[in-house]
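Questions regarding the structure given below will be posed in turn.
Read-outs throughout are calculated quantities, based only on the coordinates presented, and are distinct from any laboratory measurement. Source: prediction; values computed, not measured. Cβ: placed from backbone, ideal geometry, glycine included. Neighbour counts: every protein chain shown.
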Amino acid sequence: MPVFEDFVRIALRDELGLSAREFPTGKACPTLFLDEERRIRLEPDLSWWVGRSCQFIGDVKYKAVNVAGVKHPDVYQLLAYATAAGLPSGLLVYAAGEGNPVTHHVSLAGKLLHVRTLQLEGSIASLHAEIRQVAALLRRIVTLDRAQVA
């Protein structure tokens, strides 16, 4: 659902102090392709750019999930985003769910896929607190990824 995607993107952008150019919509981000022939174009819901360099990649899903039971297509999509962006990790944010946050280590691809949920039925204050936690994770991901790529 685009409304939830927009909410998460704008809330994270605000929390991180980034512009729409630095943290754009999928259609507005610099073009990412999965294949060398540049036929498989990707439009991630979340991405952080410094110039033409992608610092972070993520996806947003408006559905409930048991974090340990993430739907495989969602994880495959996130893996494709991280691969195309040349990043060691990515983040998948769901609208609601049960269980603790999880990180999947895809050793054959050398990727970490972080999965988090936002609880929408709570107060606005608790939702903002969750956004702050996701933004803090996003900052840690970027810091760790920069260290790995360097």
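Ranking 63, 27 by Cβ neighbours within 10 Å, fewest first, what do you get?
If I rank by nearby Cβ atoms, fewest first, I get 27, 63.
What is the magnitude of the charge dipole of region 2-149 about its Cα centre, with +1 placed on the Cβ of each Lys and Arg, -1 on the Cβ of each Asp and Glu, and no other charges, expressed in debye to the nearest 20?
Here region 2-149 has a charge dipole of around 280 debye.
Mean residue ellipticity at 222 nm from the helices of the chain, using -39,500 (n - 2.57) per DSSP H segment of n ≥ 4 over the full residue count, to the nearest 500 deg cm²/dmol?
The helix contribution divided over the chain gives -12500 deg cm²/dmol.
Now for a separate question. How big is D, in µm² s⁻¹, for region 96-139 by Stokes-Einstein at 25 °C and 0.890 mPa s if Rh is the Kirkwood radius over C-alpha pairs?
The Stokes-Einstein estimate is 207 µm²/s.
Compute the Kirkwood hydrodynamic radius of region 25-112, taking the inverse of the mean of 1/r over all pairs of distinct Cα atoms, and give it in Å to one decimal.
Result for region 25-112 stands at 13.5 Å.
Rg and Dmax in Å for region 1-73, alpha carbons only: what are they?
13.4, 37
As an exercise, take the mean of 1/r over every pair of distinct alpha carbons in the chain, invert it, and state the Kirkwood radius in angstroms.
When all Cα pairs of the chain are included, the Kirkwood radius is 15.4 Å.
In nm, to one decimal, how far is the modelled label at residue 119 from the one at residue 62, with both set 7 Å along Cα→Cβ?
Modelled inter-label distance: 2.2 nm.
Here is a further query. Work out how much length residue 6 to residue 102 would gain on full extension: take 0.36 nm times their residue separation and subtract the Cα-Cα distance, in nm to one decimal.
Stretched out fully, the residue 6 to residue 102 stretch lengthens by 32.2 nm.
Relative contact order (percent) for the chain, with alpha-carbon contacts under 8 angstrom and 6 or more residues of separation?
20 percent
Say we join alpha carbon atoms closer than 10 Å with springs in a Gaussian network model of the chain; which of 74, 59, 35 then has the biggest fluctuation?
35
Continuing with this model, one more query. Picking from 84, 50, 117, whose Cα lies most toward the positive end of the charge dipole for region 2-149 (charges on Cβ: Lys, Arg +1; Asp, Glu -1)?
Result: 50, furthest along the dipole toward the positive end.
To continue, here is another question. Multiplying the sequence separation of residue 136 and residue 28 by 0.36 nm and subtracting their Cα-Cα distance, what value in nm do you get?
The span from residue 136 to residue 28 would gain 36.5 nm if fully extended.
Further question: Relative to the first principal axis of the alpha-carbon coordinates of the chain, what is the inclination of helix 2-16, with its axis defined by its Cα atoms, in degrees from 0 to 90 and to the nearest 10?
80 degrees
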